[in-house]
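What follows is one structure encoded as structure tokens, with my remarks underneath.
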Amino acid sequence: MKQFIYFLAGAMLMLAACKKDHKEVETPLTVSNFMPGSGNPGTVVTIRGTGFSRTLESNEVAFNGTAARVVSANDSVLVVQAPDKGTTGPITVKSGDRTIQGGTYTYQALSIHGITPANGPAGTNVYISGAGFTATDGPAEVTINGHAAIIANSNDTLLVVIVPADAGAGAIEVKVNGTHATGPAFNYQSIAQIKPVKGGAGTQVTLTGSGFDPVVANNQVSFNGAVATVVSATATSLVVIAPANVKTGPVSLTMNGQKTTGPVFTQVPPPSVKTVAPLSGPVGSTVTIMGDEFSDITDEDSVFINGTATHILSAMKGQLVVTVPPGTTSGTLKVVVNGQEVNGPRYTVQALGVAELLPDNGLAGTVIRIRGTGFDPVAANNHVTINGLALTINTATDTVLTATIPTGITTGALQITTGSLSATGPLFRRAGVSLFYQGAMVVANQRGMAIDSKGYVYLSANTKIYRINPDGSGGTLFAGDDNSGNANGTGGAARFNGICGLAFDANDNLYVADGWNNSVRKITQAGVVTTFYSGIENPPRYITVDPSGNVYIGSEYNGTYRISADGSQIKQLSRGGFSSQFTYVNGSVFWSNTDGGAVYRYNSVTTEVGLFAGTFFQSGYVDGPRGVGKLDGPGTLVYDPVSGLIYVIDGNNASIRSISPADGTIGTVTGSGGTYEPWHTGNKNGTLQEALISPASAGSMAVDRQGNIYFVEDFLGQIRKITLR
């Protein structure tokens, strides 16, 4: 029994020893850190450490001896609020019978000590240093010049804010717990606009905006990275000179290391002068300057005659019209566009001068009106020529001559001699509309016309192709006959079914869109017909050939295809259906949306498709750049390598219009008798301004190697020619 008691006592001692050992390995009470380290009464402070109790009531926290409220607790994190009557001093944590002291918590009022950077554009990150930024009734609020800024990051001594758009220059203000602190002013920078927006090396450009430094040297302006010279500076305007290596790109301003980006400056070549008409005349004369890279903003152009500035009446990219001011003397004409200048010909100030030709184009027999000064009232005393060919003077006054254009006229400047004086007038263009062919070879709903290098005109007629002589005097059957079919052969032995389009390659081989045979046929100059490509899914309705010999076909329902020059491969390009002849220019396919009054472009390199000219479903009769120019019922398109323009039959406007493949600018070649009225059709030949025509939107049209236009008026049974060269 005594042994049992000894054993029990030993076991109890061992158990007590175990309990003592267990207590020694419990997690120690520590405070590793707390955030924030400063603030106001009520600031939420997160204390991290070990050995905390998971029961709120078992944790006691004091700020320099003043008890704080514990909001949440676990064994490693305590969340507390700084007590109202606390003071700067150590934070103490008590858990159970253990107490630990942490670092010092600082009570401090709201204040702003500084900002960096002190300037910049919208989106700049501004660092605000200070104290008391931690809020208890909601997040801190920051304004710049009264405009609310977005807070990207914050603690009690630092705020990072993002400058809002259009903030303007003004003080930075921080609001915390109903109290406000005002800091230094922030200089908001913006470049609202630049003028001009185009130019080249040496162009003087004015930047308008805000936040610029009035000290010239403190503003660094760059054009797409190239540093410009700053000429003058105010807080809202900088005048700079574009650098020698200027390229298209944004204009930027750097101040105190902060970069502000503005609008894009477009580098353009210097202006060029092609013609000046007239080249002589008295003070007060109107002078038309034709060229390129002029500005359509009048105050960006300057024209000088022997150093005297003229008055600009109108300005377009390709034309300036000026008047000769009093005091002008004879000398070189100079054009300056946004700091870039070019010298033109000599202008002579004298009593004899030609101001205007009406019309300024025509064919043999056209009567023109020559307006100017210093003419001899006796008709025979005025000698007028164009390219050396004399005109017959019909009537004469001292300011107006009428003359008849002779046979053999060519395009050139008008020259006039009266007594001992001579003058050069405006350019007269051999141009106009005339009947080329009328007869049985033009059939109803005719589709497909092409012109070879010798000037022969080829015209389709459903199952056959005619060849008309270059002078329009007549023609012969070239291939096919009245019977439809699908047979190769020479001339009349070949068979076609539904010819819809014709196109020549550079070697005078004729390609035929043989619609209902779902194929493309090829015809040599000898009339030998072969099948170039067959088995096309949708009937090919229209066709064109690029300079490399690749063949493009279009269908009404499934877009455009490209067939390689050897006929071995076919690839689909655009998918929009066509209702009229399309054209190919420099890697792009252009086609009309007749009902929508617009022309579209497919870029075969980027595969981008989009509206190119006209305004979709806002038809009209307006010349002008993209977004301004309008069409009404556009259809057939052809490209003229001579002029570099695309011509389009504008059906409802009864006109032939032009489109620049570079920028979509629309012009008018002829039609509507110069009225710019829709549905002004007719059958009248004459000058480009006088002619009345009646082409169908999807009717046939082609250009010859000289750049003259031919178009079919099938219900009149005729082909007309627009002479432009």
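For the stretch 542-681, what relative contact order do you get, as a whole percent, if you take Cα pairs closer than 8 Å and at least 6 residues apart?
Result for the stretch 542-681 is 15 percent.
Here the stretch 224-302 is treated as a Stokes sphere of Kirkwood radius computed over C-alpha pairs; at 20 °C and 1.002 mPa s its diffusion coefficient rounds to 135 µm²/s. Candidates Gly339, Thr298, Ala513 compared by Cα position along the dipole of the chain: farthest toward the positive end lies Ala513, with charges placed on Cβ.
A Förster radius of 41 Å, combined with the Cβ-Cβ distance separating Val605 from Thr229, puts the computed FRET efficiency at roughly 0.60. Straightening the chain between Thr55 and Ala351 buys 95.5 nm, computed as 0.36 nm per residue apart minus the Cα-Cα spacing.
Remark: the chain carries a charge dipole of roughly 920 debye about the Cα centre, counting +1 on each Lys and Arg Cβ and -1 on each Asp and Glu Cβ.
For Lys195, give me every one of the aspartates and glutamates with a C-alpha distance below 15 angstrom, ignoring sequence neighbours fewer than eight places off in its own chain. List returned: Asp296, Asp299, Glu300, Asp301. Our summary of shape: the Cα atoms of the chain have principal axis extents of 152, 80, 39 Å, ordered from largest down, in whole angstrom.
Listed from fewest to most Cβ neighbours within 10 Å, the set His147, His311 follows the order His311, His147.
The ranking of His180, His383, His680 by Cβ neighbour count inside 10 Å, starting from the fewest, reads His180, His383, His680. With 31 Å as the limit on Cα-Cα distance, the pairs of Lys198/Lys274; Lys630/Lys684; Lys334/Lys721; Lys522/Lys630; Lys198/Lys334 that go past it are Lys334/Lys721; Lys522/Lys630.
Report, for the chain, the % of DSSP beta bridges that are antiparallel, rounded to 5.
Details: 224 of 234 bridges.
Close to 95 percent.
Among residues other than Ala506 with Cβ under 12 Å from its Cβ, the summed charge is -3 (Lys and Arg +1, Asp and Glu -1). If you wrap the tightest convex hull around every Cα atom of the stretch 272-349 and split its volume per residue, you get 67 Å³. Between Gln319 and Ser111, the C-beta separation translates, for a Förster distance of 51 Å, into a calculated FRET efficiency of about 0.20.
3J(HN,Hα) along the stretch 711-725: 9, 9, 10, 5, 6, 9, x, 8, 10, 10, 10, 9, 7, 10, 9 Hz, from the Karplus curve 6.51 cos²θ - 1.76 cosθ + 1.60 with θ = phi - 60°, whole Hz, x for Gly and Pro.
Placing R0 at 45 angstrom, the Cβ-Cβ distance between Lys259 and Ala309 gives a FRET efficiency of 0.70 after rounding to 0.05.
Only the coordinates and a few stated rules stand behind these numbers; no lab work does. It should be emphasised that the depicted structure is a prediction, and the values quoted were computed from it without experimental measurement. Neighbour counts are summed over all protein chains in view; Cβ atoms, including those assigned to glycine, are modelled from backbone coordinates with ideal geometry.
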